């Protein structure tokens, strides 16, 4: 298990605290932000910001299977994703694993394997890694298996999504893409579409299935929401059963409906950085400008998180404290994590050290453990008194 840094005080930096950038010091000891005179490291020229809380990231899929037909051991892939997250300032991350009729790396059997692998890897993890289940709405026959997995592995976040319509439209308009999709799961396109049609035929059983899951999630304390809501009516239906988090609404109407009923909206950070959705859906920048987005997630690319905050600053959409809150404070609040997302005394020592001139992340501290160190910040840590010379494990 990674070791805590010895007690230390970071001085001379500009720190994001109480919603403002302040020139002050920050002390940590035994994994928490603390007070008191401690050995110091001069961090003049740096920003110290709250650790990033990423509520949805599927980049880990490329670490565990760089190509769909070339998987690597899950432990190797999780370790690689862990280091990728840490290098990009992430201190808490949910890995978005599908529970889908798609099969292969997105099927229920593989999802359980990922849960077991993460349970085994977690004691060595640099980042607080968790799993978000993306549950396809029409997986009715696997409801009990899903709940068993949630209980067994302590899953605390689930989102519902329905990609059957996408599959049917793809088969009609671009069948060659379905062939590739099916091949990744070891099926023929015809077998794949037969599964899609069978699932679609059970549409009338879906509401009862979702209500049963929602009731169980409430009893277990699981946070849950929906993914890719296309309209306000869909968001309202999910909200009515308790699925209050609106993840990646595809239209402004869906996001506005979430805002009207008090449901938090999450959008992808790559959408902000690239200036629009790669799938042609509503732009995150537009929603943020209208106050219709509460948090940003990595989606498929960890570097986009910090980059999105700087994009919002450079475009004059908001200042750095407000932009950084979209990837730290607000996500922590949405997933009910009172010990992180802010640099306050008593909270977890989750922080990111950013070169003020280059904006490069040069150090990440997660739970008081050094998870990433590079550049001039690395030199300063290594030049500190002997008691502070501690490398990330």
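Structural remarks
- Cα-derived Rg to Rh of the stretch 230-292, Kirkwood definition: 0.96
- For the stretch 198-260, the relative contact order is 30 percent, taking Cα pairs closer than 8 Å that sit 6 or more residues apart in sequence and dividing their mean separation by the residue count.
- Convex hull volume of the stretch 52-334 per residue (C-alpha atoms, cubic angstrom): 123 Å³
- Rounded to 5, the percent of DSSP beta bridges in the stretch 52-334 classed as antiparallel: 5 percent
- Among 166-173, 38-45, the peptide with the highest mean count of other Cβ atoms within 10 Å heads the list, and the full ranking is 38-45, 166-173.
- Rounded to 10°, Cα long-axis angle of helix 143-153 versus longest principal axis of the chain: 20 degrees
- Rounded if a/c under 1.5, otherwise prolate or oblate - the stretch 273-393, Cα gyration tensor axes: prolate
- Radius ratio Rg over Rh of the stretch 190-302, counting only Cα atoms, Kirkwood formula for Rh: 1.02
- Taking the C-alpha atoms only, the angle from helix 304-314 to the longest principal axis of the chain is near 70 degrees.
- Fewest neighbouring Cβ atoms within 10 Å first, the residues 150, 313 line up as 313, 150.
- Spin-label model distance (nm) - residue 374 vs residue 356, 7 Å beyond Cα toward Cβ: 2.2 nm
- Comparing 308, 148, 185 in a Gaussian network model of the chain (Cα springs below 10 Å), the most mobile by mean-square fluctuation is 148.
- The spacing between the stretch 98-161 and the stretch 274-301, judged by their C-alpha centroids, is 25 Å.
- Cα gyration tensor shape of the stretch 263-324, rounded if a/c is under 1.5, else prolate or oblate by comparing a/b with b/c: rounded
- Shape call, the stretch 103-154: gyration tensor on alpha carbons, a/c limit 1.5: prolate
- The length gained on full extension between residue 277 and residue 69, counted as 0.36 nm times the residue separation minus their Cα-Cα distance, comes to 72.2 nm.
- Taking the chain and dividing mean pair separation by its residue count, relative contact order in percent (alpha carbons under 8 Å, at least six apart): 22 percent
- Fluctuation leader among 328, 176, 80 - the chain, Gaussian network, Cα springs under 10 angstrom: 176
- Estimated from helical segments only, the mean residue ellipticity of the chain at 222 nm is -11000 deg cm²/dmol, where each DSSP H run of four or more residues counts as -39500 (n - 2.57).
- Counting only alpha carbon atoms, the long axis of helix 164-173 and the longest principal axis of the chain meet at about 70°.
- As a rough footprinting exposure proxy, the listed residues 227, 179 were ranked by other beta carbons within 10 Å of their own, and the order from fewest upward is 179, 227.
- With neighbours defined as other Cβ atoms within 10 Å of a residue's Cβ, the residues 109, 156 order from fewest to most as 109, 156.
- You can think of it this way: the chain between residue 322 and residue 21 has 107.3 nm of extra reach, that is 0.36 nm per residue less the Cα-Cα gap.
Here, each number is a calculation from the coordinates, and none is a lab measurement. Just so we're clear, the structure is a prediction, and the values are computed from it rather than from any experiment. When we count neighbours, we look across all protein chains shown, and the Cβ atoms used for this are built from the backbone with ideal geometry, even at glycine.
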